[in-house]
Amino acid sequence: MKNTTANRETWLNELADLMAPRFAELGFPLPPFRVSVGFPSAGMKGKAIGECWDKHASADARFEIFIRPDKSDSLEVAYVLAHELTHAAVGIKHGHKGPFETVALALGFTRPLTHASEPSDQLRAWLQPMIDKLGPIPHASLVWRGDFRVKRGGGGVEVPERNDDEPVSTRPKKQTTRLKKCECRECGYTVRVTAKWLEVGAPHCPNHGAMEVEPESEEQKAAA
């Protein structure tokens, strides 16, 4: 089916609006909110696939919901969104217990009431007509783990090709500290020092004074 919305945030918020009547029926109408695709608070390395922030954290008193950008399957995204909207509807302080449990089970979520559970037939039956109405989410998965160099055994993982000379994003590169080897010619005493401190001066052997810095190989120079 063709998309009927211009962008993914519009799709997410329209989907949430379609979900809203059911929350009201259950006695927990949705508060003001907004939904976006973005990294949860733990960032790229976090395991959370969705996150809901309390209205008190927002300058305009809206609950803020984020869906991790590697999720692009419409049903899975809708499942995560419904979960996070439940947090907003009942209040984050309840966690996955009390009112959250009541509403989540009524919607069709199954235990454990975390993202680890699979959507039930009841939940799918509620979500799929909304997806059919909006069309698939206009979003493609963002791949970032391992900068495309992740390898798996067994069934394997398909990894998109990329030119290793091209940066994956504008985020700062991970700093790699290369230690330079310094050795005493007299006794072989060896230490490794960062280039920063070598600019101050070479280290000294306890017995024989200034040590010699091992020159870089051509391969090391090329990698620098």
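The values are calculated or read from the model by the stated rules, or taken from the named source; none is laboratory data. Remember, it's a predicted structure, so these values are computed and weren't measured experimentally. Cβ sites come from the backbone with ideal geometry, for glycine too, and all protein chains shown count toward neighbours.
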Within region 35-91, can you find the residues that are within 21 Å of ALA140 (Cβ to Cβ), surrounded by fewer than 16 Cβ atoms within 10 Å (Cβ to Cβ) and more than 16 Å from the chain's Cα centre (by Cα)? LEU75
Looking at (1) surrounded by fewer than 20 Cβ atoms within 10 Å (Cβ to Cβ); (2) without any contact (Cβ under 8 Å) to a residue 24 or more places away in the chain, which one does PRO99 not meet, given that it meets all the others? (2)
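Let me confirm something: among LEU30, LEU12, LEU75, LEU107, which residue is free of Cβ contacts under 8 Å to residues at least 60 places away in the same chain, out of contact with any Pro (no Cβ under 9 Å at 6 or more places or on another chain), under 20 Å from ILE131 (Cα atoms) and not charged (D, E, K, R)? Quick ask: steps written out before the conclusion?
Working: LEU12 fails: free of Cβ contacts under 8 Å to residues at least 60 places away in the same chain; LEU75 fails: out of contact with any Pro (no Cβ under 9 Å at 6 or more places or on another chain); LEU107 fails: free of Cβ contacts under 8 Å to residues at least 60 places away in the same chain.
When all the criteria are applied, what remains is LEU30.
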Test: residue in region 159-170 that is β-branched (Val, Ile, Thr), surrounded by 12 or more Cβ atoms within 10 Å (Cβ to Cβ) and at pLDDT 90 or above: no
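Given the criteria over 19 Å from the mean Cα position of the chain (by Cα), at pLDDT 95 or above, surrounded by 14 or more Cβ atoms within 10 Å (Cβ to Cβ) and assigned to a loop (DSSP other than H, G, I, E, B), does PRO119 qualify?
Answer is no for this residue.
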Just one of (1) under 25 Å from the mean Cα position of the chain (by Cα); (2) modelled with pLDDT under 95 trips up THR4, so point out which. (1)
